[in-house]
Amino acid sequence: MNDLNKLKQTFINKELYEQALTHRSWINENPNVRQSNERLEFLGDAILEFIVSSAIYNRLQDKEEGFLTALRANIVNTTNLAKLARKLELGDALYMSKGEKNGKGHQNPSLLANTVEALIGAIYIDQGFDAASNFIHENLLSDLEEKLKEPLKDPKSRLQEKVQAMGMGTPKYKVVSQSGPDHAKNFVVEVSADNKVLASGNGTSINKAEQNAATCALDMDLDKLAEVS
């Protein structure tokens with residue numbers, strides 16, 4: 001289902017749907033209304049990885065673990081999830097603070113990707129595993145044949161090749177903040193090269209945040225990448 005209004009109508013608990021679209025910044029301006037989507041994102045991330053892993057494991061029985069890992073990364077990465085978010089027009093439906101929205105947070109790829117994961121978590125709680133699986137298959141696995149034609153290196157490897165080819169050395173990653181309880185941490189990582197900050201990304205682990213930061217850097221034009229200060 002790729003229509004957000006129709007997706008909302010499938011929810012038994014509409015409050016759960018609203019929570020999936022609620023960024024933490026909105027909570028600061030509207031306390032005691034509902035929780036942010038961070039716990040749902042944590043759950044949705046795990047469900048997404050399991051369903052995609054199971055699907056490609058069964059579909060590609062002749063492929064080794066390394067290939068499957070790289071393919072899964074191409075399916076569940078920030079760029080791909082943000083693309084789905086834009087298709088659903090999730091950005092316009094997000095609950096976020098005025099400052100976050102004025103700063104174009106509703107267009108931020110990492111934030112959009114996180115919201116997709118939160119929606120998957122909400123669908124799972126509201127309607128069960130099969131509904132979450134159907135959503136993922138319809139929206140993220142329907143173009144598997146096309147994904148098999150794409151480069152299978154992870155974003156960090158691809159970014160390293162790109163910036164080294166530009167003479168910018170090896171990318172460096174730095175954790176700039178972390179928040180949340182131990183069972184649901186959120187890390188923000190900056191990636192830099194040649195003493196220039198290229199991009200930042202967040203995730204529920206340092207590695208995921210690094211991969212998301214690399215993905216955001218890869219989304220930049222080459223000329224802009226070289227000019228970042």
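We did not get these values from a lab; they are worked out from the coordinates using the rules stated. For clarity, every value in this text was computed on a predicted model and none was experimentally measured. Cβ coordinates were reconstructed from backbone atoms using ideal geometry, including for glycine residues, and neighbour counts include every protein chain displayed.
Would you mind computing Rg(Cα) / (2.2 N^0.38 Å) for region 1-73, counting N as its residues? Write down the numbers at each step before the final one.
Values: Rg = 17.0 Å, N = 73, 2.2 N^0.38 = 11.2 Å.
Computed over Cα atoms of region 1-73, the ratio equals 1.51.
At a Förster distance of 35 Å, what's the computed FRET efficiency of residue 70 paired with residue 9, Cβ-Cβ distance as r, to 0.05?
Working: r = 37 Å, r/R0 = 1.05.
E between residue 70 and residue 9, to the nearest 0.05, is 0.45.
When the Cα atoms of the chain are enclosed in a convex hull and the volume is divided per residue, what value in Å³ results? Numbers along the way, then the final one.
Numbers: hull volume 29.9 nm³, N = 229.
Here the figure is 130 Å³ per residue.
For residue 89 and residue 34, compute 0.36 nm times the residue count separating them, minus their Cα-Cα distance, and round to one decimal in nm.
17.6 nm
Label residue 129 and residue 197 with points 7 Å out from Cα along Cα→Cβ: what is the distance between them in nm?
Calculated label separation equals 4.3 nm.
Quick check on region 155-227: what does the Kirkwood estimate of hydrodynamic radius come out to from the alpha carbon pairs, in Å?
Hydrodynamic radius (Kirkwood, Cα pairs) of region 155-227 is 12.2 Å.
Any idea how far the Cα center of region 138-197 sits from the one of region 34-59, in Å?
When both Cα centres are located, 19 Å separates them.
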